[in-house]
Amino acid sequence: MHLDREAIVRLDKQYVWHPYTAMRRYIDEVDPLVIDRAEGARLYDVDGKSYLDGNSSWWVSTLGHNHPRLVEALRRQASKLCHTSLAGVTHEPAAALAEALVAVAPRPLSRVFYSDNGSTANEVAIKLSLQYFRNVGQPARKRFVALEGAFHGETMGVTSLCGVEVFRRPFAGAVMECLFVPPPPAGEAHTAGHEVAFGALAEVLEQGRGEIAAVVLEPLVQGSIGMRMYDPELLRRARALCDAHDVLLVIDEVFTGYGRAGGMWACASAGVTPDIMTVGKGFTGGVLPMAATLTTDRIFDAFLPPENTFYYGHSFCGNPLGAAIAREVLAVFEEEQLLAQAAPKMARIAQAFSDLGQIPGVSNARALGMIGALDLRPGAGYLGDLGWRAYAEARRLGAYLRPLGDVVYIAPPLTIPDDDLTELLDIVRRSVQFALGAA
Ligand SMILES: *Cc1c(COP(=O)(O)O)cnc(C)c1O
């Protein structure tokens, strides 16, 4: 069966409930992109028109679409073993991937727990933290500290840590109470606001003495709230404070890991090692849903006595297809020297966004690693509409530039060809000018 564009959209609008989408407006007004295939940094719709993938399809396809080595790894693994449980069973992909992951992870992370996606990786982190303290005789440690504007995923546990007001509101009252602290202000300069932020974290940990299990942070950049970048000093302070108070530090590298924020791991770039680190998104280079939670021997050992067992595990834990691909992703990073290859692209993004910052009406132009972002109307937040005007223009010009409210940003694949990056940056400039001119 081969459906034409119209038929696909008709079925879609009749049956599919889209994520993060106001469905009335979608059904009545939106003419969706209907993607047929993708390659490298480009998506192709059913009419053959190409769109530069400005955000690596929700930050996932970090090695570009259909990377030949990943497709081949999938094909090879699929011909042998697609699935088995990881319960009393093991297999080469899961075992070899864990070794490869620990080899590149910040020391002393040494154990890998597999799950399906970024949310579950963080859910594992939360449950591990709670049970760890129970196992070591400190069951009163049940609270979590997160940043205002934090996003760690969709499950109820991590919704507790959600500092994006519109995402959290429907579930308020049903989720755990979390302690939120402000991130340091954006920008390079060290201001009084930095001391306020560091002081707030110190105070929360002091006041919650004996009751806090973990501090959970998106390192260096808070993605979902709108690419808010912050001073790495916060991570170092958090590490020192967690050590002083015997609190765990959980670092969520679901977005920032795998080179997105410049280095392999954003926390390592800041010189900080967490007690628990979560990875997802780029983990399989966008081929299959899979994620992992890494932790230390200290935490692992507290679960060794049978009565301390971690009773947790997803059906697709350690899935052989995902694991084979995730292992190939690490091999590609090493053999193709992806971070070194991407360095000049990162420099170009930084320069381009610095230039975009000169456009009247643009504020807070910023860049970090393979991320560039700017605000069209500061403070409009997630529900602003100027970003969507830029989106519409970018789409017309051949790029997928889904905004975060009035934050226009790019997070392209690390492997985006130079010519494609030139074109993407040009489309961003024209779309931003269009959005502001038409405002
Ligand atoms: C996307 C994201 C998640 C959730 O990952 P899913 O795979 O969508 O469940 C968690 N944390 C951060 C920082 C993210 O950006």
The chain: relative contact order in percent, alpha carbon pairs under 8 Å with at least 6 residues between: 21 percent
Cα-based shape type of the range 149-272, given that a ≥ b ≥ c are square roots of the gyration tensor eigenvalues and the cut on a/c is 1.5: rounded
Span from the the range 48-94 Cα centroid across to the the range 307-359 one, whole angstrom: 12 Å
Estimated dipole of the chain in Debye, rounded to 20 [Cβ of Lys and Arg +1, of Asp and Glu -1, Cα centre]: 400 debye
Pairwise label distance in nanometres, Arg5 with Ala189, each label 7 Å out on the Cα-Cβ vector: 5.0 nm
Average accessible surface area per residue within the chain, 1.4 Å rolling probe, Å²: 44 Å²
Fraction of accessible area attributable to carbon and sulfur, the range 71-335 (%, probe 1.4 Å): 55 percent
DSSP bridge orientation in the range 118-270 - percent antiparallel, rounded to nearest 5: 15 percent
Ranked packing of 153-166, 349-362, most packed first, by mean Cβ within 10 Å: 153-166, 349-362
Relative contact order [Cα under 8 Å, 6+ residues apart], the range 339-439, whole percent: 27 percent
Span from the the range 391-439 Cα centroid across to the the range 147-171 one, whole angstrom: 28 Å
For the range 225-271: rounded, prolate or oblate by the Cα gyration tensor [a/c cutoff 1.5]: prolate
Rounded, prolate or oblate (a/c below 1.5 giving rounded, otherwise prolate when a/b exceeds b/c) for the chain by Cα gyration tensor: oblate
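The values are calculated or read from the model by the stated rules, or taken from the named source; none is laboratory data. Values in this document were obtained by computation on a predicted structure and should not be read as measured data. Here Cβ is always computed from backbone atoms with ideal geometry, including for glycine, and neighbour counts include all displayed protein chains. Heavy atoms of the whole protein, side chains included, go into the accessibility calculation; ligands, DNA and RNA do not. Shrake-Rupley method; radii C 1.70, N 1.55, O 1.52, S 1.80 Å.
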